[in-house]
Amino acid sequence: MRYRTVARKYRSRRDKLNWYRIDLHLHTPASNDYLEPKVTYLDILRKAEVIGLDIIAFTDHNTVAGISALRREIEDLYRLEQLKRIRRDEQERLNEYRRLSEKILLLPGFELTATFGFHIIGIFPPQTSVRELEHVLLNLRVPSNLLDAGSTQVGATVDVLTAYRIINEAGGIVIAAHANSTHGVAMQGFNFGGQTKIAYTQDPNLHVLEVTDLESRRRNRTANFYNGSKPEYPRRMHCIQGSDAHRVNQDSYDKNRLGVGGRITEVGLKERSFEALKALFMKNDFSKTRPFRATQAPFDHVLTARQQGTNIVQGFYETVNRRGGHLDAILYDVCAFANTNGGTLYIGVSNNSNKPAVGITKPNEAIDLIRSEVEKRITPPLEIQIERQETQGKKILQISIPLGVDPPYAIDENKIYVRDETDANLAVRDEIVALVKRNLKTEAVAPVPKETQSSDEATSSTEDSDPKIETSPSGAPKTGVEIIIREERRGKIYYSLRDLRNGNIVHNVTKKSARKLWQYALNEYETNIVDEKEVTWQGEIGLWKKQQRGEQVRFDLVKRGQNDRLHVYYGVTYDGIDGIWQTLLDSVEGVKRET
């Protein structure tokens, strides 16, 4: 016990984090659209100190002329000092540079204009030479005669995905600049395909999304969209904010023209270094990035998570006690997250953000218990991360579970769970097959069930040649379930369902074997037949029913397919709503009947 106490104290010292304020999007007079051309580089650094910034980056348009000019100035001053020919004012400037270099980590970088005008930031270690940085820009096809221009217009450079790869391979941090705004890869209203937007925001070479609405309380703010709960955007993205400053001080007449530190992000690091910053952005821990608040209490990411509620990538438990089955439920979720898409569990709070946090009275014992149970009961071995957090004055635990690299993961050797929206469920036969094939890196294609099959075991496939199954019309929602076959075999009713989250066809479902959402769909299918006259239509799509229980809202939606056949999508959540469905709900939500 004494050894364990000493180990905990050592681990606490070793793992101690500091919160650093960063602004990774600063322009200098080297950008030709800079609004204060007479500003010096020392002015920018002094402003960063006044604001309290710890890490900044110079990211001029398609050039590193700014960081080059700064380094030349410092080198010239240092050379004069060495030669003992330095004047008093020059010595004062050099001393100021030295003092500020101890307080602020300055990282070199650039803001590339990629194909179609998308802006991408690359940031590099402080020791990276100007020659190396310019070599990267040349690889990105910035013309050599424009390397010092600092212009947003440099002709035909590389495409977005190639830019991500080149910057990443050169050792840089890759950031999609102001992703949700003008020239951003996730901006609204730009006419490019959904698959392209998915690729631009989910590519493995991309590390961070810079957004302009990090503090927004809107349900559809960018960070919520990329939190891993959207089926077509399963990779959760680190989201930060930066000032994109083209001046030192904010314009007093135009508040949108921010100055240095106009939008600040805080990051939790063990040390203030490029390496620590990049390591944070490459990890699946999203509790160590938060918007900085100068006049408010620090951003509470746990409370924000609770406001989003339980979903496919996060869950909440008030206690870790064995009694009542809480510990078992936690383990089921850990297993399910590892098999599905990773996720986060918060222990010591409920998913009701209006309810005060309960907290964990003995967090060290709880951590030891959870780790011990995971090591003992989950196979193969799974590395999870457990950290102490604080919310509403209470100590809680945050468990980060990665997407497992060796699926399927099982509890007690034979119970395999998968995550299905808000629940952990035992995997059905072909979900297990898919997990094995994922491990083998082959595409899962399951067999079609035969008419004579009478087992209650449900099976699934992503492709199905059964002539009775009509292909779902394009543009279906991304969550919920569609019932596609109802048949009776030996006096028992079996259903085939289409899981809208992944497109799988799940066969041989009975009311007894159906999961929570499936049970709802089957009950509605049998007892509440869609009346086309009662549907709120908008073209070929419509809203049949809206249901709200607690904070969870679900919709039953319909779409006309071939030969006017109605496709009914039961239990669609906001996570599955976009495009034409979002337009539909924006126009009719609130006027349709609720249950």
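Tabulated data
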| item | result |
| --- | --- |
| In segment 196-233, the residues that are of a type in the set (Ser, Thr, Tyr), farther than 23 Å from GLY503 by Cα and outside any loop (DSSP other than H, G, I, E, B) | THR222 |
| Selection status of GLY342, surrounded by fewer than 22 Cβ atoms within 10 Å (Cβ to Cβ) and under 12 Å from LEU403 (Cβ atoms) | yes |
| LYS362 vs. criteria closer than 23 Å to ALA223 by Cβ and without any contact (Cβ under 8 Å) to a residue 40 or more places away in the chain | no |
| Test: residue in segment 130-137 that is of a type in the set (D, E, K, R) and surrounded by 18 or more Cβ atoms within 10 Å (Cβ to Cβ) | yes |
| Test: residue in segment 410-424 that is among the small types (Gly, Ala, Ser), part of a strand (DSSP E or B) and either surrounded by fewer than 20 Cβ atoms within 10 Å (Cβ to Cβ) or more than 23 Å from the chain's Cα centre (by Cα) (or both) | yes |
| Test for GLU271: is it surrounded by fewer than 16 Cβ atoms within 10 Å (Cβ to Cβ) and over 27 Å from GLN202 (Cα atoms) | yes |
| When residues of segment 47-101 are limited to those that are of a type in the set (Lys, Arg) and assigned to a helix (DSSP H, G or I), the one farthest from ALA294 (Cα to Cα) | ARG79 |
| Count of residues meeting criterion [touching a residue at least 24 places away in the same chain (Cβ under 8 Å) and exposed (fewer than 14 other Cβ atoms within 10 Å of the Cβ)] in segment 477-501 | 4 |
| Residues located in segment 562-577, provided they are at pLDDT below 90, within 20 Å of TYR525 (Cβ to Cβ) and buried (at least 16 other Cβ atoms within 10 Å of the Cβ) | THR573, GLY576 |
| Residue list for segment 516-559, restricted to those being part of a loop (DSSP other than H, G, I, E, B) and surrounded by fewer than 19 Cβ atoms within 10 Å (Cβ to Cβ) | ASN528, ILE529, VAL530, ASP531, GLY539, GLU540, GLY550, GLU551 |
| Top-ranked residue of segment 91-141 - restricted to ones that are under 26 Å from THR157 (Cβ atoms) and among the acidic types (Asp, Glu), ranked as nearest to the chain's Cα centre (by Cα) | GLU111 |
| Test for ARG235: is it more than 21 Å from ARG293 (Cα to Cα) and under 23 Å from the mean Cα position of the chain (by Cα) | yes |
| Qualifying residue in segment 320-339 (condition: without any contact (Cβ under 8 Å) to a residue 60 or more places away in the chain, surrounded by fewer than 17 Cβ atoms within 10 Å (Cβ to Cβ), closer than 30 Å to THR479 by Cα and not charged (D, E, K, R)) | yes |
| Enumeration of residues in segment 119-139 that are in a loop (DSSP other than H, G, I, E, B) and polar (S, T, N, Q) | GLN127, THR128, SER129 |
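Residue by residue, here is whether (1) at pLDDT below 95; (2) of a type outside the set (Asp, Glu) holds:
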site: ARG8; (1), (2): yes, yes
site: ARG14; (1), (2): yes, yes
site: ASP23; (1), (2): no, no
site: LEU26; (1), (2): no, yes
site: LYS47; (1), (2): no, yes
site: ILE55; (1), (2): no, yes
site: ARG71; (1), (2): no, yes
site: ILE74; (1), (2): no, yes
site: LEU77; (1), (2): no, yes
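Listed here are the residues, each with its yes/no results for (1) under 19 Å from LEU258 (Cβ atoms); (2) out of contact with any Pro (no Cβ under 7 Å at 6 or more places or on another chain); (3) among the aliphatic types (A, V, I, L, M).
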{"position": "LYS47", "(1), (2), (3)": "yes, yes, no"}
{"position": "PHE58", "(1), (2), (3)": "yes, no, no"}
{"position": "VAL64", "(1), (2), (3)": "no, no, yes"}
{"position": "TYR97", "(1), (2), (3)": "no, yes, no"}
{"position": "ILE121", "(1), (2), (3)": "yes, yes, yes"}
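Residue-by-condition table, conditions (1) assigned by TED's automatic domain parsing to the domain that holds THR573; (2) assigned to a loop (DSSP other than H, G, I, E, B); (3) within 28 Å of PRO231 (Cβ to Cβ):
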position: LEU331; (1), (2), (3): no, no, yes
position: LEU345; (1), (2), (3): no, no, yes
position: THR361; (1), (2), (3): no, yes, no
position: SER372; (1), (2), (3): no, no, no
position: GLU390; (1), (2), (3): no, no, no
position: SER400; (1), (2), (3): no, no, yes
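The values are calculated or read from the model by the stated rules, or taken from the named source; none is laboratory data. Predicted, not measured: the structure shown is a model, and the values here were computed from it. Positions of Cβ are backbone-derived with ideal geometry, glycine not excepted, and every protein chain shown enters the neighbour counts.
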